[in-house]
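The values are calculated or read from the model by the stated rules, or taken from the named source; none is laboratory data. Note that this is a predicted model, so its numbers are computed, not measured. Glycine gets a Cβ as well: all are built from the backbone with ideal geometry, and neighbour counts include every protein chain shown.
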């Protein structure tokens, strides 16, 4: 599996590369300092499976760089690793094709969990503490509860969107917010928590998931 790390700072790229080695996967880690450097890997013979990029790159800040990479690597997963605290920008990134967000201040174990999810093809959202409300279901909107209920049925993003008349990107936005509010890093954690009865009335959640 080929992973492309895109960040202005060589020290961070090297540190992230070492962190990825701890996951124990057979990985080939490639590095790029700019979006232009990253685009040179479009013709890599084995393809790029996952791109880990900072939001702010010297030659293309924020969404501009993400959109260029999304167009150049249409079948690759893209996860942002950034120090940004702008939730609006993170949501825009998800709508533009990012599969996840990992904050640079995250603890090593949290970052490892997020990277592990990304390598498994799952969404991953690791936020800093000041962006996380008190871990409580009361912060979920009615629509977020509907999405979570569908998630508990084992449905994919496409299936959830079809059931709730939402686009896949909108489903991703709701999942990103659900993960942040419940302080979980994956679909599996969200499902386990939802079904545990700790934060939710399981019977009510079951009834909601089975509504037509």
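Confirm whether residue 26 is assigned by TED's automatic domain parsing to the domain that holds residue 109 and free of Cβ contacts under 8 Å to residues at least 12 places away in the same chain. Judged against the criteria, residue 26 is not a match. Looking at residue 161, is it in contact (Cβ under 8 Å) with a residue 24 or more places away in the chain and assigned to a helix (DSSP H, G or I)? For residue 161, the condition - in contact (Cβ under 8 Å) with a residue 24 or more places away in the chain and assigned to a helix (DSSP H, G or I) - is not met. Taken over region 65-86, the residue count meeting the criterion of being surrounded by fewer than 13 Cβ atoms within 10 Å (Cβ to Cβ) and modelled with pLDDT under 90 is 1.
Here's the yes/no breakdown for (1) farther than 24 Å from residue 23 by Cβ; (2) surrounded by fewer than 18 Cβ atoms within 10 Å (Cβ to Cβ); (3) outside the structural domain of residue 70 (by TED's automatic domain parsing):
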| position | (1), (2), (3) |
| --- | --- |
| 96 | yes, yes, no |
| 99 | no, no, no |
| 104 | no, yes, no |
| 111 | no, no, no |
| 115 | no, no, no |
| 123 | no, no, no |
| 162 | yes, yes, yes |
| 165 | yes, yes, yes |
| 193 | no, no, yes |
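Each residue in region 149-160 was checked for being crowded, with 22+ Cβ neighbours inside 10 Å and modelled with pLDDT under 90, and 1 of them qualify. Applying the criterion of being more than 17 Å from the chain's Cα centre (by Cα) and closer than 17 Å to residue 49 by Cα to the residues of region 14-25, the residue that is modelled with the highest pLDDT is 17. Quick check on region 45-63. Is at least one of its residues loosely packed, with under 13 Cβ neighbours inside 10 Å and under 23 Å from residue 117 (Cβ atoms)? Checked against the condition, which is being loosely packed, with under 13 Cβ neighbours inside 10 Å and under 23 Å from residue 117 (Cβ atoms), region 45-63 yields at least one hit.
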